[in-house]
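I have placed the structure first, in the form of structure tokens, so that the comments after it can refer back to it.
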Amino acid sequence: MKNTVKLLALVAAMTVASAASAQQEAGTWLGTLGVNKITPKVDSGDVSAPALPHTKTDVGSDTKPRFTIGYMVTDNISAELDLGLPYKHELTGAGAINGTGKLATAEVLPPTAFIQYRFLKADSMVRPYVGLGLTYAMFQKERGSAQLTAVLNTGGQPATFKLDDKLTASFQIGGTVKINDKWFVDASVIKTKLKTTAHYSTGQTQEVRLDPLAVNVSIGYAFKGW
């Protein structure tokens, strides 16, 4: 009887160990919550005439919470949806108006859907991955400052502007590290190819390539079913 109990206990322990090790096998849901810093890599065009030649724009970075939900389609292929709060960026003068300070602020909400390939086996302690995604950059709450009006419409009505929303591609490289059978740490770097157009109330336009780089770290939880 004792031997039977020991055998059953051993089988149970092996079963638990096997289930615990396959954290990212097919059919597993992966949820993460962390922080993400977006830093635009700006290549600004000139504001169209009439404007001082070489009037350009620079864009600052912002950090916000980030959460994702993913699903392991196979042991190596996963789908992931990246969500979060809008990022608020400060626009400053560059080029001929470098040093003029804050021109405006704008928010962007960039939900992204990724298809990922995860290397190594489902029970690996460390799993690097790459991803290819589609990002829809939605710009909102664009607000110009008195400095923007001074640059574009000196002595006139306050200048306002609108940025075009864009659907574009994102590229991801990252990895996960298991903490235990349910919890893990996730980190990734995401590069998005993003170009938009600013439309000013003064009738001028400006092409701006943003191409942001995002760096994030999260805590994740793996589970089967809802």
Which whole-Hz ³J(HN,Hα) couplings does region 142-149 yield from phi under the Karplus relation 6.51 cos²θ - 1.76 cosθ + 1.60, θ = phi - 60°, glycine and proline marked x? 6, 9, x, 9, 4, 5, 4, 4
Would you mind working out the magnitude of the charge dipole of the chain relative to its Cα centre, with +1 at each Lys and Arg C-beta and -1 at each Asp and Glu C-beta, to the nearest 20 Debye? 580
Spin-label point model (7 Å from Cα, Cβ direction): what's the Ile69 to Glu207 distance in nm? 3.9
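Leaving out ligands, DNA and RNA, and with a 1.4 Å probe, what % of the accessible surface on the chain is carbon or sulfur? Provide the component values of the computation, followed by the final result.
Details: 7660 of 11790 Å².
Here it works out to 65 percent.
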Determine which lysines satisfy two conditions relative to Lys41: a Cα distance under 16 Å, and not lying fewer than 8 residues away in the same chain. Lys56, Lys88, Lys191, Lys193, Lys195
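Calculate the all-directions average of the projected area of the chain's alpha-carbon convex hull, and give it in nm².
Numbers: hull surface 56.5 nm².
If I average the Cα hull's projected area over directions, I get 14.1 nm².
Sort Ile173, Ile219 by heavy-atom solvent-accessible area, probe 1.4 angstrom, most to least. Spell out each step's value before the answer.
Numbers: Ile173 105, Ile219 85 Å².
So the residues, ranked largest to smallest area, are Ile173, Ile219.
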As an exercise, use a Förster radius of 35 Å and the Cβ-Cβ distance of Asp43 and Phe223 to find the FRET efficiency, rounded to the nearest 0.05. 0.25
Placing +1 on the Cβ of each Lys and Arg and -1 on the Cβ of each Asp and Glu in region 96-226, which of Gln157, Asn216, Gln140 has its Cα farthest towards the positive end of the resulting dipole? Asn216
Region 76-104 residues near the modelled Leu52 label - backbone nitrogen below 12 Å, point 7 Å along Cα→Cβ: 93-101
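If you average 1/r over every pair of different alpha-carbon atoms in region 114-226 and take one over that average, what Kirkwood value in Å do you get?
Values: mean 1/r = 0.0577 Å⁻¹.
Computed over region 114-226, the radius equals 17.3 Å.
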Could you state the accessible area per residue of the chain in Å², with a 1.4 Å probe and every protein chain left in place? 52
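Using the beta-carbon distance between Ser61 and Ile115 and R0 = 25 Å, what value does 1/(1 + (r/R0)^6) give for FRET efficiency, to the nearest 0.05?
On the way: r = 27 Å, r/R0 = 1.08.
Efficiency computed from Cβ-Cβ geometry: 0.40.
What does the helix-only formula give at 222 nm for the chain: each DSSP H stretch with n ≥ 4 adding -39500 (n - 2.57), the total divided by the residues, and the result rounded to the nearest 500 deg cm²/dmol? Display every interim value, and only then the final one.
Working: 2 runs with 27 residues, N = 226.
That calculation yields -4000 deg cm²/dmol at 222 nm.
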Can you tell me the 0 to 90 degree angle between the C-alpha axis of helix 2-21 and the longest principal axis of the chain, rounded to 10? 20
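The values are calculated or read from the model by the stated rules, or taken from the named source; none is laboratory data. The model shown is predicted, which means the values in this text are computed figures rather than measured ones. For neighbour counting, all protein chains shown are included, and Cβ atoms are generated from backbone atoms with ideal geometry for every residue, glycine included. In case anyone asks, the SASA skips ligands and DNA or RNA and just uses the protein heavy atoms, side chains included. Shrake-Rupley method; radii C 1.70, N 1.55, O 1.52, S 1.80 Å.
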